[in-house]
Structures are given as C-alpha cells and as structure tokens.
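Laboratory data are not the source of any read-out in this text; all were calculated from the coordinates shown. Nothing here was measured: the structure is a model prediction, and the numbers come from that model. Glycine gets a Cβ as well: all are built from the backbone with ideal geometry, and neighbour counts include every protein chain shown.
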C-alpha cells in the first residue's frame, strides 16, 4: 500500500499548491532496491529536462542527493523503489532538502531516517 502525504487545510481559506501536491512513499524502506553504484537516468516524468541533466552517478554524493530529492518530490513509489537505495537514503536523508510535507511523510513513515546521517 502506497503512503500519501495528507493535504493541509489552512484557516484563512486559501488553497496553496504546496498543500495539495501529492507525495508518495513506499510501504517499507526494504522496498528501496536502487543501485549502490553506477549511473542511472531518471525518467522524464521525475525530472523534466534532457537526458544529460537526468543522468546521475550514484557514487557522487551531491548527484545522488539531487536525484533522491527529485524522486521523493516527483516520483511514484514504484520509481522510488527502482532508483533509491535504502542504505544510501538513510545516510543522505538529513542532507536532502525537501518540501515540508514530503519530509514529514518520509520521516514519520520511517523513523530510521530521523537519525543523523
């Protein structure tokens, strides 16, 4: 079962996109079977740029963290499971800048991510 970030309802009645944007997370971190080394290309639906900009080297911290940020922010749970590596995510999570709802969804769903990396 896919996890979803709840919608935020604001007191002032305004509807903001960031409060309704869907964010997904897999059932378990064990489902994250992405590569621990090598190169991968994110799907165009995750990063809407040319192939060169969607290509990441998993062994380069900054590249991997950018890819993981994009996967958590824009990817489906299936895409997350395909490209994110559990151990590397646990290490990187404190260093990945995410929207508040996406961060809370993952941190609340997976307590091991709340630890310092």
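In the stretch 47-78, which residues are surrounded by 18 or more Cβ atoms within 10 Å (Cβ to Cβ) and assigned to a loop (DSSP other than H, G, I, E, B)? Within the stretch 47-78, 47, 58, 75 meet the criteria.
Out of 70, 57, 77, which single residue is touching a strand residue (DSSP E or B) at 6+ places or on another chain (Cβ under 6 Å) and under 18 Å from residue 22 (Cβ atoms)? 77 is the lone residue from the list that is touching a strand residue (DSSP E or B) at 6+ places or on another chain (Cβ under 6 Å) and under 18 Å from residue 22 (Cβ atoms). Residues in the stretch 79-117 that are outside any helix (DSSP H, G or I) and touching a residue at least 24 places away in the same chain (Cβ under 8 Å): 84, 85, 96, 97, 98, 99, 110, 115, 117. Inside the stretch 13-38, can you point out the residues that are touching a residue at least 40 places away in the same chain (Cβ under 8 Å), more than 23 Å from residue 64 (Cβ to Cβ) and loosely packed, with under 10 Cβ neighbours inside 10 Å? Residues satisfying the conditions do not exist here.
The number of residues in the stretch 29-44 being under 24 Å from residue 109 (Cα atoms) and out of contact with any strand residue (DSSP E or B) (no Cβ under 9 Å at 6 or more places or on another chain) comes to 3.
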